[in-house]
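The values are calculated or read from the model by the stated rules, or taken from the named source; none is laboratory data. These figures come from a predicted structure and were not determined experimentally. In this analysis, Cβ positions are derived from the backbone assuming ideal geometry, glycine residues included, and neighbour counts consider all displayed protein chains.
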Amino acid sequence: MDGNIRMKNKLPNLIIGGCHKAGTTSLFNYLKDHPEISFGDRKEIHYFTPLRYGREIKELIVYENHFKNSTKESKYLLDASPSYLYGEYRIISKIFEILDDPELIFILRNPTQRFISYVKKRITEGTLSPNLDLLKFVNDSFKLSFEKDIDLPVNRAFREGCYDRYLQYWECNSENVNILFFENLVSNPQNLLKELCVNINISGEFYENYKFDVSNKFRPIRNINFHKQAIKINKYLEKFLMKNRELKKLINKVYFSLNKRKNEYSFKNYDEAVKLLDNLYSNENKLLRERLIKFKSVGAFPEWILKL
């Protein structure tokens, strides 16, 4: 990737491709604020995601239209669609066929904690019950992780923490892949972003005095049906709110003061489920540590990898 400004055909050359519930929204906001990075009309465009499930993608003009108003001259055009990590060769081959030598970012998180966060998110969206037996759900999701990939919470929950299963397909393009860790994003976002800037050859000075706000932070919801309607409204207003972040923060503050649950969700068999997840992911994490040698890792390895 050279240092020239690239705005020739309004297609991304910087992609946050995974994983879900690992800080991709915060990372997207940090990167889109950088003067050398522009972005589309929303965070998650998911142009290539249908390929994950064996479906066709739309005409290329549909993808281009999401970036047609990106007038800022910049080195990178950013797309953040966290499902791309899981698309295997179906997505990989199409990305490198259509896009011009893109840089990809995968941000990984302790898979047990990612699993729990994913379940909580699905509860707030109304696709899982707040009275979930977590141990049974873990067992069911583990078994289904070896079956066909289907866009259902129980099918996706466990498999999406098996990072090595999917990174193996990206090895042939490892020079284009930057691996980050959620734990570093939380503990020291400035260092992580500055190191990432070195990797993708843009200035890290922008983040010297930058305010690293946390986006999309989980909050348990009191009225789930009300929240489902709020999600629809948020999607409708997403283009406007992306350009008015302070207003969005104010709206979120007011909304969650009205609809935030006082207590966390209480799962049946929580402790047993967490122990099982740690055990099931143990070998997956060992394979991942070996695999990471072949990629550009940004920041130090977190404890969940080092302790293996």
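Structure data summary
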quantity	calculated
Residue selected from the range 264-291 under the condition among the aliphatic types (A, V, I, L, M) and surrounded by 18 or more Cβ atoms within 10 Å (Cβ to Cβ), by the criterion farthest from residue 176 (Cα to Cα)	273
Conditions (1) farther than 30 Å from residue 279 by Cα; (2) in a helix (DSSP H, G or I): number failed by residue 87	(1)
Meets criteria (farther than 26 Å from residue 115 by Cα, out of contact with any strand residue (DSSP E or B) (no Cβ under 8 Å at 6 or more places or on another chain), part of a helix (DSSP H, G or I) and of a type in the set (A, V, I, L, M)) for residue 198	yes
The range 129-150: number of residues that are closer than 14 Å to residue 270 by Cβ and part of a loop (DSSP other than H, G, I, E, B)	3
Residue list for the range 56-76, filter: modelled with pLDDT under 95 and either in contact with a Ser or Thr (Cβ under 7 Å, 6 or more places away or on another chain) or within 30 Å of residue 164 (Cα to Cα) (or both)	70, 72, 74
Close pairs (6 angstrom Cβ cut-off, 6 or more residues apart or separate chains): part of a helix (DSSP H, G or I) and among the acidic types (Asp, Glu) in the range 279-308, modelled with pLDDT of 95 or more and surrounded by 18 or more Cβ atoms within 10 Å (Cβ to Cβ) anywhere	284/162
Candidates 92, 45 - the one that is within 28 Å of residue 168 (Cα to Cα), in a loop (DSSP other than H, G, I, E, B) and in contact (Cβ under 8 Å) with a residue 24 or more places away in the chain	45
Number of the exception - residue 110 against (1) surrounded by fewer than 20 Cβ atoms within 10 Å (Cβ to Cβ); (2) at pLDDT 95 or above	(1)
Evaluation of residue 207 against (1) closer than 30 Å to residue 35 by Cβ; (2) out of contact with any Lys or Arg (no Cβ under 7 Å at 6 or more places or on another chain); (3) modelled with pLDDT of 95 or more; (4) surrounded by 13 or more Cβ atoms within 10 Å (Cβ to Cβ) (one fails), failing number	(2)
Residue 280 more than 23 Å from residue 136 (Cβ to Cβ) and either of a type in the set (Lys, Arg) or over 21 Å from the mean Cα position of the chain (by Cα) (or both)	no
Qualifying residue in the range 213-230 (condition: at pLDDT 95 or above, surrounded by fewer than 15 Cβ atoms within 10 Å (Cβ to Cβ), out of contact with any Gly (no Cβ under 6 Å at 6 or more places or on another chain) and acidic (Asp, Glu))	no
Per-region count, the range 46-99, residues surrounded by 19 or more Cβ atoms within 10 Å (Cβ to Cβ) and of a type in the set (Asp, Glu)	1
All positions within the range 62-98 that are charged (D, E, K, R) and farther than 25 Å from residue 118 by Cα	64, 68, 72, 73, 75, 94, 97
